[in-house]
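Quick notes on the structure that follows.
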Amino acid sequence: MIGDKKVLFSGMQATGNLTLGNYLGALKNWVALSDEYECYYSVVDMHSITVRQDPATLRRRARTLLTLYIAAGLDPEKNCIYYQSHVSCHAELMWILNCFTYMGELNRMTQFKDKAAKHADNINAGLFTYPVLMAADILLYQADVVPVGIDQMQHLEITRDIAQRFNNLYGEVFTIPEAYIGKAGAKIMSLQDPSKKMSKSDENPNASIYLLDDPDTIIRKFKRAVTDSENQILYREEQPGIRNLLDIYCACTGKTPKEAEREFDGKGYGEFKLAVGEAVVGVLKPLQERMAALEKDKAYIDQVIKDNAQRAAYTANKTLRKVQKKVGFPERVR
Ligand code: ATP
Ligand code: LTN
């Protein structure tokens, strides 16, 4: 709790261009919740290097991501929008939490298994302890809620376990956070393989809609989206491609799957796909316009980066000092 508001923390990695999945599963909810909570939104660049990154590309993507947070509607005066690497408390708390996390717990993480399989030549210790850094992110700010897509649920659970374990030993140090999963769009699937989630690191550009794709590209990708030969627009498991398109359509229009089924009753897939594409273009256009304007204002973005890193560090330091004291580190001599 800060003042009379509960605290919200979330973050995204700068590992690629943001997709519609990231937007509908996470960013859109962030904006919706931002008035109600005291919010921290981080560009988690330290998490990004668990997979090898080209330095110049990472720097550019991190800045684009931070700017996108603002373009999506997060006001950097009201919300703390910052780079994780600018607040050294994250790494310091992570070390301590590492000593309260079991190998067996980390071994169960499905994201680790997926990423290790995908990057078999670089299964580094950071990839393994990734969830501990995530726990440090969340616990430093005493977050009450963490809006994420369903794929991050397991990481939220381990965060809660670590926090609870620490509190059991040392008293009420950490707030136990809750995940917030949005109703629509919690798991958007690949347009080319509806059994896989849409992911910004997918090599096939047709599998994902990127937030900065132009309207023609968006419509073209939807026209090519993999569906089936059933020729009926129904929201059901047997038609994963159509169901995914309905999920996207509903998340963009606010309609329910039932309403959408009725709307497209008797219509062909071509017409339906075009309508989904147009709904997405309608949602992304204002965001893209704000993005173009913000990218021109370098001084403004620089100021946001500087001021918000200071604000974040102030809060994070308070928690870190408390934790250091609890575990028995000597007091600082002033
Ligand atoms: P990567 O491909 O590098 O693993 P990603 O696209 O999976 O990245 P993350 O940076 O891991 O994205 O996730 C950022 C946020 O977006 C998280 O809250 C995550 O749950 C959410 N998210 C990611 N992909 C989807 C998706 N396909 N549908 C809904 N939410 C998603
Ligand atoms: N692992 C998350 C990104 C992330 C995060 C966080 C999300 C890092 N730290 C703290 C919420 C809260 C992901 O989306 N892949």
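The values are calculated or read from the model by the stated rules, or taken from the named source; none is laboratory data. All figures in this text were calculated on a predicted structure; none of them were measured in a lab. Using ideal geometry, Cβ is built from the backbone for each residue, glycine included, and neighbour counts are taken over all protein chains shown. For accessibility, only protein heavy atoms count, side chains too; no ligands or nucleic acids. Shrake-Rupley method; radii C 1.70, N 1.55, O 1.52, S 1.80 Å.
Number of residues in the range 198-231 that are crowded, with 21+ Cβ neighbours inside 10 Å and within 16 Å of ligand 2 (Cβ to nearest atom): the value is 3. Highlighted here are the helices (runs of 4 or more DSSP H) found entirely within the range 9-110 that include at least 2 residues which are at pLDDT 95 or above and surrounded by fewer than 19 Cβ atoms within 10 Å (Cβ to Cβ): 55-71, 89-98, 103-107. Can we say LEU169 is assigned to a helix (DSSP H, G or I), surrounded by fewer than 21 Cβ atoms within 10 Å (Cβ to Cβ), modelled with pLDDT of 95 or more and in contact with a Ser or Thr (Cβ under 6 Å, 6 or more places away or on another chain)? No: the conditions fail for LEU169.
Say whether the condition of being within 23 Å of TYR210 (Cβ to Cβ) and either in contact with a Leu (Cβ under 9 Å, 6 or more places away or on another chain) or modelled with pLDDT of 95 or more (or both) is met by at least one residue in the range 227-237.
Going residue by residue through the range 227-237, those that are within 23 Å of TYR210 (Cβ to Cβ) are 227.
Applying the additional criterion that residues be either in contact with a Leu (Cβ under 9 Å, 6 or more places away or on another chain) or modelled with pLDDT of 95 or more (or both) yields 227.
Yes, the range 227-237 has at least one match.
Identify, from the list THR50, THR15, THR64, the residue that is in contact (Cβ under 8 Å) with a residue 24 or more places away in the chain, among the hydroxyl-bearing types (Ser, Thr, Tyr), under 29 Å from ASN244 (Cβ atoms) and more than 12 Å from ligand 2 (Cβ to nearest atom). Walk me through how you get there before you give the answer.
Working: THR50 fails: more than 12 Å from ligand 2 (Cβ to nearest atom); THR15 fails: more than 12 Å from ligand 2 (Cβ to nearest atom).
Unique residue meeting the criteria: THR64.
For the residues ASP228, ASP216, ASP202, the requirement of being of a type in the set (Asp, Glu) and near ligand 1 (Cβ under 10 Å from one of its atoms) singles out ASP202.
Of all the criteria given as (1) in contact (Cβ under 8 Å) with a residue 12 or more places away in the chain; (2) open to solvent by 30 Å² or more (accessible area, probe 1.4 Å); (3) part of a helix (DSSP H, G or I); (4) not aromatic (Phe, Trp, Tyr), the one not satisfied by VAL132 is (2). On the given criteria, is ALA179 surrounded by fewer than 21 Cβ atoms within 10 Å (Cβ to Cβ), within 14 Å of ligand 2 (Cβ to nearest atom) and of a type in the set (Gly, Ala, Ser)? In short, yes. Within the range 143-166, being open to solvent by less than 10 Å² (accessible area, probe 1.4 Å), assigned to a helix (DSSP H, G or I) and within 16 Å of ligand 1 (Cβ to nearest atom) holds for HIS155, LEU156, ILE158, THR159.
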